[in-house]
2 protein chains.
Amino acid sequence: MELIWLIPVAGFAAVLYALWLAWDVLRRDPGTPEMQNVASMIFEGAMAFLRRQYSTIALLALVTAVVIFFIVGGVSEGVKEIISDKGEVRYGDKVVSRWEEGLLTSIAFLVGAAASALAGYIGMYISVRSNSRTASAATRSLSEAITVSLRGGAVSGFLVVALSLLGVSGIFLVYSQLLGNPDSITPFLIVGFGFGASFVALFAQLGGGIYTKAADVGADLVGKVEAGIPEDDPRNAAVVADLVGDNVGDCAGRGADLFESMSAENIGAMILGVVIYKVTGNLEWVVFPLVLRSFGILATMAGLTSVPFFARRQTGGDPMTPLNYGYYIVSILSVAGLFIATRVMLGDAWYWFFFCGLIGIGTGIAFVYITQYYTSGAWRPVREIANASRTGPATNIITGTAVGLETTAATAITIGLALVASFVLGSEAADTLGVKGFSSGVFGTAVATMGMLMSAAYILSMDTFGPITDNAGGITEMSGAPESARHITDSLDAVGNTTKALTKGYAVASAGLAAFLLFSAYLDKVKERLDIPLTEELPIDLSTPDVFVGGLLGVMLVFLFSSLAIRAVGTTAARIIEEVRRQFREDPGIMAGTSRPDYGRAVDITARASLRAMVAPGLLAVGMPVAVGLIFRFARDQSVTVAGVTYPDSSGWLAVAGLLMIGTIGGVILATFFNNVGGAWDNAKKYIEAGMLQVPSGNPGTMITLGKGTDAHKAAVVGDTVGDPYKDTAGPSLHVLVKLLSTITLVLAPLFIS
Amino acid sequence: MELIWLIPVAGFAAVLYALWLAWDVLRRDPGTPEMQNVASMIFEGAMAFLRRQYSTIALLALVTAVVIFFIVGGVSEGVKEIISDKGEVRYGDKVVSRWEEGLLTSIAFLVGAAASALAGYIGMYISVRSNSRTASAATRSLSEAITVSLRGGAVSGFLVVALSLLGVSGIFLVYSQLLGNPDSITPFLIVGFGFGASFVALFAQLGGGIYTKAADVGADLVGKVEAGIPEDDPRNAAVVADLVGDNVGDCAGRGADLFESMSAENIGAMILGVVIYKVTGNLEWVVFPLVLRSFGILATMAGLTSVPFFARRQTGGDPMTPLNYGYYIVSILSVAGLFIATRVMLGDAWYWFFFCGLIGIGTGIAFVYITQYYTSGAWRPVREIANASRTGPATNIITGTAVGLETTAATAITIGLALVASFVLGSEAADTLGVKGFSSGVFGTAVATMGMLMSAAYILSMDTFGPITDNAGGITEMSGAPESARHITDSLDAVGNTTKALTKGYAVASAGLAAFLLFSAYLDKVKERLDIPLTEELPIDLSTPDVFVGGLLGVMLVFLFSSLAIRAVGTTAARIIEEVRRQFREDPGIMAGTSRPDYGRAVDITARASLRAMVAPGLLAVGMPVAVGLIFRFARDQSVTVAGVTYPDSSGWLAVAGLLMIGTIGGVILATFFNNVGGAWDNAKKYIEAGMLQVPSGNPGTMITLGKGTDAHKAAVVGDTVGDPYKDTAGPSLHVLVKLLSTITLVLAPLFIS
């Protein structure tokens, strides 16, 4: 346990670093009074939404916590000690009563939910304070504007990662050391933390995603299309709601998403470590994921600190370049950290897991390139869409769809390769460790996932960079700042679009990679309930109707959930359009520019409507696995045979396993489609706006540029608008859904077992 | 074997009935010389395409047949006799050498391919002869026009069903009686027939689907949008290609699709019957599917003959009504046939299977209603899309996508329910039969599938009705026939759109329902190769990386395949647009109406381009399962334990099983999305064109109609165009892909087994 001291050190270092960044951002010039005025409207709108959203979520979470207490306490049989006996890991005496288990799970759920909410809240607070400071910096220099916006984003990034690390390790410490539960069963007792994090993330991402795109689509349709005024024009009552939306969707939503990714995957990895811990007697296998994350935080701090250095050295050019250099530094330092952590903690077979971790880090880098290839204007896919815009919106949509569907191939092949390779490498360690190939293979995929997530704080910082620069652009426009500042914020905004797309690719990849470890954890939980030794393999036979139909319903769930999320954007946008129209109608002074529209009312209406709209898809996500599990538990009676023992009436947990695993596959693929097609449409529009779409004119050798205002551009705007709810509502919500399926089934597993 | 005489009787009755229908259609008035002129251009174009397409397919099929011969002959070990021994079904001496097996499989493949091609060819021949006769009948009465078009469609429907029935039973008879192979292994020897049918169907559906939508989109974009001339205007050089497309896509394509559905599912069901046959000693279990199909043919003949009777009784009103009555008659008679077949053939436990069949028939009816609800203007979904068109093409697409994603829920739940219910009912018969619950449960799902497919000829007749009436409308327009005739063909065309949508819903449902029986047949084939008794269950463990990653790649395959199919439409349409533009440019007389465009050249260019475009997705579909199987076979070494025996190095066939099963789930769901969203967009446009979209005007109590030519209509046209390649290229090709996966893995299974 030589490296365990690193966990609190890295956790508190990250908090201190975030505080320093926040102090550094806040002490800077907040801009002209006009800028501050716009910024304060955004701030109030964002905070009001967050307060209202969190009170809704808090209510839902409290009810869920009580339900968890009664379900787990009512249907579980308590937790038995896990004993190692000649290479077999089986169960001993009961050490935790069932009501105690229910209480601990329920408390962990609330702690996870609270930590996630706290991280989102503080991150948002700084993010909406950074926007006017970025706008102000943009009046001076590009390099200063990058520094301010990236540091503002990094506050959120580091707090999310730190709170996840401190939260998981803290609750592990309290449950094992303070309450005296055995180390080997504590990971099972803290699964509620992951569920709490997923629960908050689902609603935060859904509500934020609906808000941001409804405001965006609504403001565009009623402003640009109907009234014929430019984007971010102060006469549009929905323009502040649009700027608020960038924060609540991309910042708070994605922060909650990655908070739960890290927490759930950490806990899942700890559960998988239990088997190897019991066989080898080394607790390192359980706490290893926490230590690896600590190294990741330190690497990220170094990488992020280096960005202003690269930004200063570069005059002009692509602002993405210094960000890429920073990412390389994080990756190199992560490899070093991975080497130390595996070498010191994982015994004689350490190098196999070192390679697994390398695969994970490599997968992260691969996704950075895959996403850029498919969504950036420099390559074939976006150009193809821009070209298709020449024959109108229909061909723009058709070609975009073809490109989006195509992007799933690179994603699936990369994830598949990483999974198989890390599983194979992990299995190689089995003989040295004395466990079965399956146990160490799955642990290999967990190490790969953890390796990939080492850079999470960096990715998240880049992601929050997006809404800050987007906001800065809006503030510049609305406050009448000089044209030069707008140029700088525009170039940052384009980078922000790329970093937002990258984060989504990263989140999908981590969800896909983590799938294997998370449902292996679910199977371990089922084994624990059925008294099946953890060292035995539990087959999930796809040729039984229960697993197959569970899977069919799982894929259906991701489609139906996406339908509800996309529809929610439409209905909420309709509300905003009505309100802006009403304001235009009732006060002609708004259009004339003599009176100010009531931004607050538009913000308020958007907030109410999007919070109402997030409930249906949220409840579907939580309710459907439970419903499927219960229906199959009582309606069917498939039996399962493990090591010669037959377990009858297993349909409930089998159908849930099918729903979880195959639903995950469907969710990862569909989210990839939504994220990439939306990003590609967005950038095809930008490609045309940048004047890069050229067609041969009648005279040989000369070209005509089809730029802003042409029919091709109008067609591309349609594609961009269609892509908005795809890439910012449905896609990101699907990542969370996929992981929520893992955590909810992990917590409620006893309910599905007869 | 009391009912076995019914198979040739029904088969030849169907052929005679088709001949009578053809005679009846051909003896009717072929219309004015102008009509005949247009019709002959369509006829020539369609036949030229079919000849060219079939020669491409024939070449590919011959190569594949040789490959099959060498693969099966090279890697198989020959076929052993199947013996029943105290309730266990195991293997005896080798009765077919491996090269003989390769030869028989290869011949069956060619026979299946040839039968499928023949059915498509004759059906198309009559279909393109019926269009001018329908146009002529439309100048006289609605009832006569319905009769002609439906009978023309029924020729294709009955020939497809009859050739499938006679083909499967004929090859079974030849291989078992003439060549003297044991009855129990013959179903395994004729799997090539199903693969041959799938192979032709895949290319026919892909080529036809690309042709039809490329011509449609191309003609619309260059005519309606660019040149501003109406649909089906004779000045548009692509208009004949568009009319040809309706035939080669909807008629030949869908015919091949259902031919292979019936053939593959029949053979799969026969394979599943082998276990029960060997245990009970009654060959009825193997030939039962063929007898049930024979009853279905007789029921369909009665139902179809009744339609003109209902059509005559009804004056005016919805032409869909007599078609629905006819379907009810088919369903009622099918229930009677099902009762007789199960009662006479399936021994003491017959009633369980009777109920399974009822579930299948009910599923067919349920899908008729589900499809109508989601794609017809009378209900919420289409109205919602029409309403969203008021705010432009973007909201039309967003709302349409939400509706399309939503439709997967009803589909998945209905299929899931039907599968579980028929499996449970089938298992109840296990004790009486003396087999395991699994064997009779899977046979139950097979009976449900067969029950559903009893009405296939009727559905197919209604489907081919679509292109005939569509063509009749075009001929009426181009030949300058009276307005009243155009009204009649328009109303028939609207019904044709509904029936085309119904057929797709039916095809998806049958693919979903059949999935279970088809991959159970694959598992039986694997058991046969590994010498595992057919009575043992073979677990496909989803928690192994092989099955999971195979599944991930399977879902990816259906997305990538759709991408290629959709893109092919775009590239082919671009070719057509270029050609029409060239003709307009080089001969100004075309636009003035003084000279006739070169229709033949446009037809020819479309044909070449679409045949070239079908190769890539086709090869992907055939190549990817083989590649995945081989890669996993050699790169991984997962072992499987059945009844205490461990089978090492099983990764190849496990990964293929995952790809097949989970790919099927993904394919069924994605096809449902594509088919329904396309149909809904189409009908939202028609809803607006019919003047049914009304919004409140400024004055209270009065409404404004947003009809043809408004912005809302233009937005709806965008949705309709986007939906074209979704619903007529990607969706239908996915049904075939899903079933091709089953047949190719069934035939090439030995290749994936070490």
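The values are calculated or read from the model by the stated rules, or taken from the named source; none is laboratory data. Computed from a prediction, not measured in an experiment: that's the story for all the values here. For neighbour counting, all protein chains shown are included, and Cβ atoms are generated from backbone atoms with ideal geometry for every residue, glycine included. Areas reflect the complete protein model, heavy atoms only, side chains present, ligands, DNA and RNA absent. Shrake-Rupley method; radii C 1.70, N 1.55, O 1.52, S 1.80 Å.
Taking the Cα centre of the protein assembly as shown as origin, work out the dipole magnitude from +1 charges on Lys and Arg Cβ and -1 charges on Asp and Glu Cβ, in debye rounded to 20. Roughly 1360 debye, rounded to the nearest 20.
Accessible surface comparison of B:D93, A:D216, probe 1.4 Å, protein chains only, largest first: the order is B:D93, A:D216. For the pair the range A:572-638 and the range B:709-725, the centres of their Cα atoms are 27 angstrom apart. Annotation for B:P182, label-to-label distances across the other copies: 5.3 nm (shortest first, one decimal, point 7 Å from Cα along Cα→Cβ). With its label point defined 7 Å out from Cα along the Cα-to-Cβ axis, A:S639 lies at 2.6 nm from the matching points of the other copies, in increasing order.
Normalised by the residues of chain A, what does the relative contact order come to in percent, with Cα pairs under 8 Å and at least six apart? Let's see the in-between values first.
Values: 1502 pairs, mean separation 149.9, N = 754.
Taking the mean separation of contacting Cα pairs over the length of chain A, I get 20 percent.
Please compute the per residue accessible area over the range B:613-754 with all protein chains in place, 1.4 Å probe, rounded to a whole number of Å².
On the way: 4010 Å² over 142 residues.
With all protein chains present, the range B:613-754 gives 28 Å² per residue.
Protein-only accessible surface at a 1.4 angstrom probe places the residues A:L542, A:L178, B:L173, B:L751 in the order A:L178, B:L173, B:L751, A:L542, largest first.
Partner lysines whose Cα lies under 27 Å from the Cα of A:K685, excluding those fewer than 8 positions away in the same chain, are identified as A:K213, A:K224, A:K500, A:K504, A:K708, A:K714, A:K727, B:K213, B:K224, B:K685, B:K714, B:K727.
Using a 1.4 Å probe on the protein chains only, how many percent of the accessible area of the range B:481-593 belongs to carbon and sulfur? If you can, show how the numbers build up before the last one.
Numbers: 1490 of 2720 Å².
Carbon with sulfur: 55 percent of the solvent-accessible area.
Sorted into 5 angstrom bins from 0, the C-alpha pair distances of the range A:391-468 split as 3, 13, 12, 12, 13, 14, 11, 8, 6, 4, 2, 1, 0 percent. I need the shape label for the range A:319-405. Rule: rounded when a/c is under 1.5, else prolate if a/b > b/c, else oblate, with a, b, c from the alpha carbon gyration tensor. It comes out prolate by the Cα gyration axes. If you take the charge dipole of chain B about its Cα centre, with +1 on Lys and Arg Cβ and -1 on Asp and Glu Cβ, which of B:L202, B:F309, B:T646 is farthest toward its positive end? Of the listed residues, the answer is B:F309.
Which value in deg cm²/dmol, rounded to the nearest 500, describes the helix-derived mean residue ellipticity at 222 nm for the protein assembly as shown, given -39,500 (n - 2.57) per DSSP H run of n ≥ 4 and division by the residue count?
Numbers: 46 runs with 1159 residues, N = 1508.
Value at 222 nm, helices only: -27500 deg cm²/dmol.
Entry note, the range B:239-298: relative contact order of 23 percent, from Cα contacts under 8 Å with a spacing of 6+ residues. Using Cα atoms only, what is the angle between the long axis of helix A:284-313 and the major principal axis of chain A, expressed in degrees (0 to 90) to the nearest 10? Roughly 20 degrees, rounded to the nearest 10.
To the nearest ten degrees, helix B:545-586 and the longest principal axis of the Cα atoms of chain B are 30 degrees apart.
Semi-axes of the equivalent ellipsoid of the range B:1-111: what are they in whole Å, largest first, if each equals the square root of 5 times a C-alpha gyration tensor eigenvalue? It would help to have the intermediate numbers written out before the result.
Working: eigenvalues 420, 129, 11 Å².
After scaling each eigenvalue by five and taking roots: 46, 25, 8 Å.
What the Cβ-Cβ distance of B:V695 and A:I704 gives, at R0 = 41 Å and to the nearest 0.05, is a FRET efficiency of 0.60. Sorted from shortest to longest, the distances between the A:W379 label points of this copy and the other copies are 4.1 nm, with each point 7 Å from Cα along the line through the beta carbon. Distance from the Cα centroid of the range B:1-48 to that of the range B:125-174 is 5 Å (rounded to whole angstrom). The shape of the protein assembly as shown comes out oblate: with a ≥ b ≥ c from the C-alpha gyration tensor, a/c is at least 1.5 while a/b does not beat b/c. Residues in the range B:142-193 average 21 Å² of solvent-accessible surface per residue, probe 1.4 Å, ligands and nucleic acids excluded. Could you tell me what % of all Cα pairs in chain B have separations over 45 Å? So the portion of pairs separated by more than 45 Å is 20 percent.
When a/c reaches 1.5 or more, the comparison of a/b and b/c decides; with that in mind, is the range A:650-754 rounded, prolate or oblate per its Cα gyration tensor?
Values: a/c = 6.12, a/b = 4.24, b/c = 1.44.
In terms of gyration-tensor shape, prolate.
In order along the range A:31-40, the Karplus-derived 3J(HN,Hα) couplings, from 6.51 cos²θ - 1.76 cosθ + 1.60 at θ = phi - 60°, round to x, 5, x, 5, 4, 4, 5, 4, 4, 5 Hz, and Gly and Pro are given as x. Computed from Cα atoms, the angle from the helix A:651-689 axis to the main principal axis of chain A rounds to 20 degrees. Using the 1.4 Å probe convention, the accessible area of the range A:236-327 works out to 20 Å² per residue with neighbouring protein chains retained. Comparing Cα centroids, the range B:398-463 and the range A:406-448 end up 36 angstrom apart. For A:K80, the residues whose modelled amide H falls within less than 5 Å of its own, excluding neighbours fewer than 5 places apart on the same chain, are A:V95. Taking every alpha-carbon pair under 8 Å whose residues sit at least 6 apart, the range B:597-754 reaches a relative contact order of 28 percent. Sparsely packed loop sites in the range B:61-111 (the trypsin sites (Lys or Arg not before Pro) outside DSSP H, G, I, E and B with at most 11 other Cβ atoms within 10 Å) comprise B:K86.
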